[in-house]
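K.L.:
Can you read through this structure? Questions will come right after.
Throughout, read-outs are computed from the coordinates displayed, never taken from laboratory work. A quick note: this is a predicted structure, and the numbers were derived from the prediction, not measured. Glycine also receives a Cβ, built like all others from the backbone with ideal geometry; neighbour counts cover every protein chain displayed.
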Amino acid sequence: MYDNFSNAGHKGKTLKDQLWSAAMATYVAGHEKCMMELEGLSKAAFEWFKRKPPSEWTKSHFPTNSKCDMLLNNLCECFNKYILDARDKPIITMLEIIRTKLMRRFQVKRDEMMKYKGPICPKIQKKLDKWKDEAIKFNAVWNGAAQYQVTGVEGQFVVNIATSSCDCRRWDLTGIPCEHACASMRVNGLVPEEYVHDCYKVETYLKIYNHTINPISGQDMWDKGGLSQVIIPPELDPPKPGRPKKARKKSNVELEKNSNRSKLSKKGRKVVCSICHQEGHNKRWHTQPITTSEAATASTTVAVDTNRKKLAVIIF
């Protein structure tokens with residue numbers, strides 16, 4: 001999303017930060033506030049976003065049935081890397097590699113979780129612990145039923161324990177009680193772990209990985225097909241010269257990060273030939289005939305460089 005936004009001419013750290021603030025906002029009022037601030041920074045950038053359906057790029061308009069508030073396609077990227085060594089293989093070989101990987105993965109994940117002691121998965125427990133620590137910053141008032149009024153620095157929110165919802169929508173989106181919900185539960189001594197969605201329970205995790213994938217014998221032991229029809233292979237384009245590219249195309253953001261490394265650039269640096277002492281080339285590209293004095297100078301320079309390298313090796 002940011003790449004498209006940047007390619008449309010809306011660049012700069014200020015616009016980038018405001019873009020992510022609007023995208024990360026979990027409730028409509030917070031999103032609209034960020035959009036108003038974006039309009040104040042750039043009318044053109046605001047109009048560019050107004051043409052995009054909010055349900056496709058901001059958490060404030062995401063549905064709550066998936067219990068996932070991810071903005072990025074990290075899941076797809078992880079799976080893409082997982083099958084990287086199988087993607088360029090023939091179809092049957094590719095499927096066999098993926099099947100073997102999944103057979104091992106199911107066994108490893110199941111055995112690891114069986115050793116874990118706790119009601120919910122460890123990563124979800126870590127997120128919940130973070131919200132429980134943040135809950136001390138809020139003051140919750142109980143209405144005597146299932147609702148609480150929670151006040152803090154961010155504002156005032158209503159939490160409904162019965163419907164597992166909060167005005168900030170973090171609990172609704174993820175299924176994990178937010179800091180406002182944890183502050184509410186603390187009033188009556190409720191346990192937040194009991195209000196985490198069932199999809200994050202260890203019991204559910206074990207049910208998912210309880211299935212097994214059966215091993216298969218080698219291809220030389222497979223039954224031969226009874227088809228008499230000859231399958232003509234498709235016509236393929238002639239292979240291009242060089243090795244086929246496997247690395248994915250990097251986004252502009254990744255290219256910018258790589259270009260901002262601490263390596264010093266050679267741009268603007270003057271190159272001086274050690275033979276003729278002229279600028280614009282080095283001794284490798286010296287094309288003029290070498291005189292006796294220049295040859296002596298060059299040999300002296302090489303000797304000095306060699307001694308420096310030897311000294312550097314001794315020091316380090």
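K.L.:
When the convex hull of the C-alpha atoms of the range 64-215 is computed, what volume per residue in Å³ does it have?
P.N.:
Values: hull volume 19.9 nm³, N = 152.
Per residue, the Cα convex hull of the range 64-215 comes to 131 Å³.
K.L.:
Here is the link list: K59/K137; K33/K81; K13/K50; K16/K201; K13/K33; K89/K245. Which ones come out longer than 26 Å on Cα distance? List each step's numbers first, then the result.
P.N.:
Details: K59/K137 24 Å; K33/K81 38 Å; K13/K50 20 Å; K16/K201 37 Å; K13/K33 19 Å; K89/K245 14 Å.
Beyond 26 Å between Cα atoms: K33/K81; K16/K201.
K.L.:
With a sphere of radius 15 Å drawn around the Cβ of H197, what net charge do the other residues whose Cβ falls strictly inside it have (Lys, Arg +1; Asp, Glu -1)?
P.N.:
Values: positive: K67, K123, K127, R169, R170, K201, K207; negative: D69, D172, E193, E194, D198, E203.
Once all neighbours under 15 Å are counted, the net charge is +1.
K.L.:
What is the projected area of the convex hull of the Cα atoms of the chain, averaged over all directions, in nm²? Walk me through the numbers before you get to the answer.
P.N.:
Values: hull surface 132.1 nm².
The Cα convex hull of the chain, projected and averaged over all directions, gives 33.0 nm².
K.L.:
Please list, ordered by chain and number, the residues whose modelled amide H lies under 5 Å from the amide H of I120; skip anything fewer than 5 residues away on the same chain.
P.N.:
Placed amide hydrogens put V202 under 5 Å from I120.
K.L.:
Now for a separate question. Starting from the alpha-carbon convex hull of the range 1-145, give the projected area averaged over all orientations, in nm².
P.N.:
Dividing the Cα hull surface by four gives the mean projection, 14.7 nm².
K.L.:
Taking the Cα atoms of the range 2-61, report the difference between the largest and smallest coordinate on each principal axis, in whole Å and largest first.
P.N.:
28, 21, 17
K.L.:
As a check on your grasp of the helix formula, calculate [θ] at 222 nm for the chain: sum -39500 (n - 2.57) over DSSP H runs of n ≥ 4, divide by the residue count, round to the nearest 500.
P.N.:
Values: 12 runs with 140 residues, N = 316.
When only DSSP H runs of four or more count, the value is -13500 deg cm²/dmol.
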